[in-house]
Amino acid sequence: MASANSMRSLMRPTVQLSPRVVAIPSSVAAFSTTIPNLEVRQKKVQVPKKKKVVVHVKKPNPGERKAFRKRIQLSNNSALEVQGLASLEPDTMARESNAGQIFALPSDVQDRLRVLEAFKHSQSWNLFRKPHLLVRKEVVQLASKLEAAAQDKKALHLVLTGQRLAGKTVALLQAMTYGLMNDWVVINIPDGHDLTNGNTEYSPVPDTDPIQFTQPVYTFKLLNTIYNANKAIMEKLELQKDWSSSTNQKGKGTLADLILSAKEAEWAWPTFAALWTELTLPGRPPLMFTLDGLSHINKMSAYRDPSFNLVHAHELTLVRTFVDAMSGKTKLPNGGAIIATTGGNNSPKIPSQDLVLSQLEAGQAGREIPKPDPYKKGYEDRVYDSLKNSTVLRMGQLTKDDARVLMEYWGASGLLRARVDQRTVWEKWALGGNGVVGEMERASLLTMRM
């Protein structure tokens, strides 16, 4: 019995348990201390936005922005007209008595200089009523050399050098002014960088070793510039040779007819070569060939030959023409001048050019001739040979007397409100790097630029 009872105690109890209580969600909110939000949400009404009125503006044509940025303005009606200044005459700049004086630039010469692109957009011509030029002692020396070259029928090979903003480009403009007023034929390359930066078309010249390249579009533009700047002279000079085999000029005619015969760019270089030959024949007027930015044509250009090797700038036909004239290889039997400037803004360093110019300048001054650095590379014989027969003219700093004359002209034009006395002149002269004309202009007229 005991075992039966013990086994019965291990069995599941027979008494049923109460069912588990399950929570049923109620619709009544639970207790909370938060104030209920009784506001009824309203639907947002979307108000249509007003469409912006698009004003259609005509887009500028290709090259229009660049033309506006580099425009040349030679007059300003808001500036005062300076009274009592004489105009330039053909022999004004060659007289030593005119050094340190300001002269007005004649209107007809202004138009021809504009065609030659002698004015630069970075210069401050737009601040004055009309262009005037200060005849410095260096300009008198330059004009005297030009006058002697025309009288002796010899070629002047000149390099204008100096520090940045020293007035080299303006001196080159004054040289062109002298040539135009004395019935010279003036040819100008405004910037040597345009010939070597690879931005203009080029094509090889057949049967040349080493291979040379022409720049048809640039040469075509240069021909038109030569014609427009020297039209009166070109229409008087008759052709002395027959160029019907190489150009479109058939039979006799004038140099103007020869230039106008090049209707397309592909005929530009043969026509320019014929024109250059005609201008270097005896019995022609003196010839002036100028270039701004000498350093750019004495280095490797951005062009490539058929083997994809860089082309030296001297292998470009236009540059070769200038270099041969500068070195004396091309003779000028009628006299003339080959003038170049060493730009100071974006000019690369050319060791051979720096060496030969320093040697020439030291020889002219009677100093010891500098020697090439034996540990320096980059010397080129052809660059040295192209400049070794030249004359160097350094554009120095203004004297205090010249600075006073220039500042009095600025004051008479209404650009200086302060009294121009000795203290003001010396102050601007010192702030301008002891007479650097470009720095003086910055110190005095910088706030007047628009």
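The values are calculated or read from the model by the stated rules, or taken from the named source; none is laboratory data. Predicted, not measured: the structure shown is a model, and the values here were computed from it. Please note: Cβ atoms are built from the backbone with ideal geometry, for glycine as well, and neighbour counts cover all protein chains shown. Areas reflect the complete protein model, heavy atoms only, side chains present, ligands, DNA and RNA absent. Shrake-Rupley method; radii C 1.70, N 1.55, O 1.52, S 1.80 Å.
Let a ≥ b ≥ c be the square roots of the eigenvalues of the Cα gyration tensor of the chain; is it rounded (a/c under 1.5), or, if not, prolate (a/b larger than b/c) or oblate?
Numbers: a/c = 2.75, a/b = 2.21, b/c = 1.24.
Verdict is prolate for the chain.
Radius of gyration (Cα atoms) of region 143-238, expressed as a multiple of 2.2 N^0.38 Å: 1.33.
Assign one of three labels to region 312-450, namely rounded, prolate or oblate, based on the Cα gyration tensor with a ≥ b ≥ c the square roots of its eigenvalues; rounded applies when a/c is under 1.5, prolate when it is not and a/b is larger than b/c, and oblate otherwise. If you can, show how the numbers build up before the last one.
Details: a/c = 2.47, a/b = 2.10, b/c = 1.18.
Prolate.
The listed residues Arg114, Arg284 rank as Arg114, Arg284 when sorted by accessible area, largest first, using a 1.4 Å probe. Estimated at the nearest 10 Å², the accessible area of His312 is 10 Å² with a 1.4 Å probe.
List, in the order given, every pair from Lys120/Lys299; Lys153/Lys371; Lys231/Lys400; Lys145/Lys263; Lys145/Lys329; Lys58/Lys130 whose Cα-Cα distance in the structure shown is over 30 Å. Can you show the working numbers first?
Values: Lys120/Lys299 24 Å; Lys153/Lys371 34 Å; Lys231/Lys400 41 Å; Lys145/Lys263 38 Å; Lys145/Lys329 20 Å; Lys58/Lys130 34 Å.
Result: Lys153/Lys371; Lys231/Lys400; Lys145/Lys263; Lys58/Lys130 exceed 30 Å.
Just order 379-389, 430-440, 356-366 by mean Cβ neighbour count inside 10 Å, highest at the front, would you? Present the calculation step by step, with values, prior to reporting the outcome.
On the way: 379-389: 17.1, 430-440: 18.9, 356-366: 15.3.
Per-residue Cβ counts within 10 Å, averaged per peptide and sorted highest first, yield 430-440, 379-389, 356-366.
Using the Cα centre of the chain as the reference point, and only Cβ charges (+1 on K/R, -1 on D/E), how large is the resulting charge dipole? Debye, rounded to the nearest 20.
3400
When only the Cβ of Lys, Arg, Asp and Glu is charged (+1, +1, -1, -1), the dipole of region 403-445 relative to its Cα centre reaches about 120 debye.
In this simple spin-label model, placing a label point 7 Å from the Cα along the Cα-to-Cβ direction at both Arg114 and Ala148 gives a separation of 3.6 nm. The residues of the chain have, on average, 60 Å² of accessible surface per residue, using a 1.4 Å probe with all protein chains present.
Cα centroids of region 410-430 and region 142-160: 36 Å apart.
Normalise the Cα radius of gyration of region 403-445 by 2.2 N^0.38 Å (N = residues in it) and let me know the number. Don't skip to the end; give the middle numbers.
Details: Rg = 9.0 Å, N = 43, 2.2 N^0.38 = 9.2 Å.
Cα Rg divided by the expected 2.2 N^0.38 Å: 0.98.
Put simply, the amide H of Asn188, placed in the peptide plane, has neighbours under 5 Å in Thr290, leaving out anything fewer than 5 places away on its chain.
Ordered by packing density, taken as the mean number of other Cβ atoms within 10 Å over each peptide's residues, highest first, how do 201-209, 403-411, 186-194 rank? Mind showing how you got there, number by number?
Details: 201-209: 11.0, 403-411: 19.7, 186-194: 21.3.
Order by mean packing, descending: 186-194, 403-411, 201-209.
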